[in-house]
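Chemist: Following this message is one structure expressed as C-alpha cells.
Readers should treat all values here as calculations from the given coordinates under stated rules, not as data from a laboratory. Here the structure is a predicted model, which means the values were calculated and not measured. Because the Cβ atoms are built from the backbone with ideal geometry, glycine has one as well, and the counts that use them run over all protein chains shown.
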Amino acid sequence: MAREYLNVPPTTMRRSDRAVEDDAWIKQFLHQAAVGTLATVYNGQPFVNTNIFAYDEVTHSIILHTADKGRTRANVENDNRVCFMIMEMGRLLPDEVALEFSVEYGGIIIFGKNEIVTDEVEAIRLLQLLMDKYAPHLAAGDDYRPPVPEELKRTSVFRVKIEEMSAKKKEVEAFEGAYWYPEQSVLESVRRRPIWQGVLRKIHIAAKEGESLETLSEVEAVAGQGLCGDRYFGVVNDEEATNITLIAQEDLDAVQQAYDFPITAAQTRRNLLTVGVPLSHLIGKRFRIGDVLLEGVEICEPCKGLAEFSGYGNPIISAMLHRGGLRATIIKGGIIHAGDTIAPIIEPEVVANSGK
C-alpha cells in the first residue's frame, strides 16, 4: 500500500535490487552529470529548477548558483530543505506485453539543507569549481578573468549539504530489440553539433621497458608527465610531449577480421583501450577522459616492438598501419578510471567579422 511510504525514510527504495552502493560510481556520476534538478518548497507549493552544478568532494556538497534575487533564493531563505536529482536514460527495452516494457537508467536523489555561501573566499572557490567543470579547456587568468568579490553582489552561491542520498540504476547486457529513444533537440545549436562519446575500457602500464603490462582499474594522470608508474612517465618523445598512448577496440577488431590476427590491447602495449572514440581524428584536438583533459598529438604507427611483443612478427606492422592508436599529451591531470566516459571538447565557434 502506497501510503506506508509516508512513514519511512525518503531514501527508501521500492526496488532495493536497483540500489547502487559503489562510492566510486556515485562520485563519477556526480562529477560528470551535465545538469541537475533542484526542488524547493514555499507555503506547500513545490518548485523545481534545472541547474548546472558541481560536486565538491571537500565538503560533500552540491554547488549551484543563481542571480542574487529570484524564486530559488527566496524559497531557500524561507525554508532551506531541498531535494536535488540527476539522471541518465539508457536504452528502451521492449517486450511482447506493454506492461513489461522497461528502460535502462541511472539516477541519484539527494536530500539536504541548502545554504547561501556568504564567505567571499569560499564563494569564489566554489564558483571556480563550476568554471573548472564546464570549461576545463580554458585557464583562469589566461583565457578569462576568474570570479572576483565584486561579482558576488549579483550572484547567489548555494551549497547543498548532502544529508541523505540514494543512487540506483538499471543496466543490462545484450537485449533483443533494445533501442534508443530518438531524441530531437529543441535547440538548433545542439542539433548541429558534431558529437561522439566513448568509453575507456582498460588501463595498462609497465614499470620498465620490456616488462609485462599491468592492468589497472584506475591510475593518476599527471599533466605533461604521463601515467604514474608507467615506463614513459616524464619522457618526452620526438620533442613532443606524447606521454600517453591510446588504442581503439574497433581497430583491433578490424585487424582480426581482415588479417586474422586476434591481437589484444595488452599486446599493442598502449596505455588506454577505448571504445567508440575516433582516435585518428583527434590530432590537435582536445578531449576528456572523466575529469582528465588530453590533446591528441600524432598517430602511433606500429613498429618493430609491436612485431616482437605481439608474437605476430613483421606482418602485424602492415596489418596495423594507420591503426596503431594515438599519442597524446595530458593537459590537465587527475584520476582516470576504467569505465570513464571519453568525450570531445567541442571547438569554440569562430564568428567572422561582420564589419559592424
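Chemist: Between residue 264 and residue 280, what is the label-point separation in nm under the 7 Å Cα-to-beta-carbon projection?
Modeler: Those two pseudo-labels are separated by 2.6 nm.
Chemist: Then there is this: My understanding is that a pair violates if its Cα-Cα distance is over 31 Å; which of 69/285; 27/285; 69/170; 170/208; 168/208; 69/169 do that in this structure?
Modeler: On the way: 69/285 40 Å; 27/285 27 Å; 69/170 39 Å; 170/208 41 Å; 168/208 41 Å; 69/169 36 Å.
Where the Cα-Cα span goes over 31 Å, the pairs concerned are 69/285; 69/170; 170/208; 168/208; 69/169.
Chemist: Please identify the longest segment of the chain free of exposed chymotrypsin sites (Phe, Trp or Tyr not before Pro), where exposed means a DSSP state other than H, G, I, E or B and no more than 13 other Cβ atoms within 10 Å. Don't jump to the answer; show the numbers that get you there.
Modeler: Details: sites that count: 101, 175, 180, 196.
Result for the longest clean stretch: 197-356.
Chemist: Residue 231 versus residue 150, label points 7 Å from Cα toward the beta carbon: distance in nm?
Modeler: 5.6 nm
Chemist: State the extension gain, in nm to one decimal, for the chain segment bounded by residue 132 and residue 87, taking 0.36 nm per residue of separation less the distance between their alpha-carbons. Don't jump to the answer; show the numbers that get you there.
Modeler: Values: separation 45, 0.36 × 45 = 16.20 nm, distance 2.15 nm.
Contour length minus Cα-Cα distance gives 14.0 nm.
Chemist: Let me ask something additional. Could you list the trypsin sites (Lys or Arg not before Pro) in the range 11-56 that lie in coil according to DSSP, counting only those with at most 15 other Cβ atoms within 10 Å of their Cβ? Mind dumping the intermediate values first?
Modeler: Details: sites: 14, 15, 18, 27; in loops: 14, 15.
Listed in order of number, the matching sites are 14, 15.
Chemist: Moving to a separate point now. Rounded to the nearest 500, what is the chain's calculated 222 nm mean residue ellipticity when only DSSP H runs of at least 4 contribute -39500 (n - 2.57) each, over all residues?
Modeler: Values: 8 runs with 65 residues, N = 356.
So the helix-based figure for the chain works out to -5000 deg cm²/dmol.
Chemist: Where does helix 249-259 land angle-wise versus the long Cα axis of the chain, in degrees 0 to 90, nearest 10?
Modeler: 30 degrees
Chemist: Once the dipole of the chain is set up with Lys and Arg at +1 and Asp and Glu at -1 on Cβ about the Cα centre, which of 82, 258, 24 lies farthest towards its positive end?
Modeler: Looking along the dipole axis, the top candidate is 82.
Chemist: For residue 80, enumerate residues with amide H under 5 Å from its amide H, sequence gap 5+ or separate chain, H modeled in the peptide plane.
Modeler: none
Chemist: Going through the range 63-107, which trypsin sites (Lys or Arg not before Pro) have at most 14 other Cβ atoms within 10 Å and a DSSP loop state?
Modeler: Details: sites: 69, 71, 73, 81, 91; in loops: 69.
Taking the range 63-107 and a limit of 14 other Cβ atoms within 10 Å, the loop trypsin sites (Lys or Arg not before Pro) found are 69.
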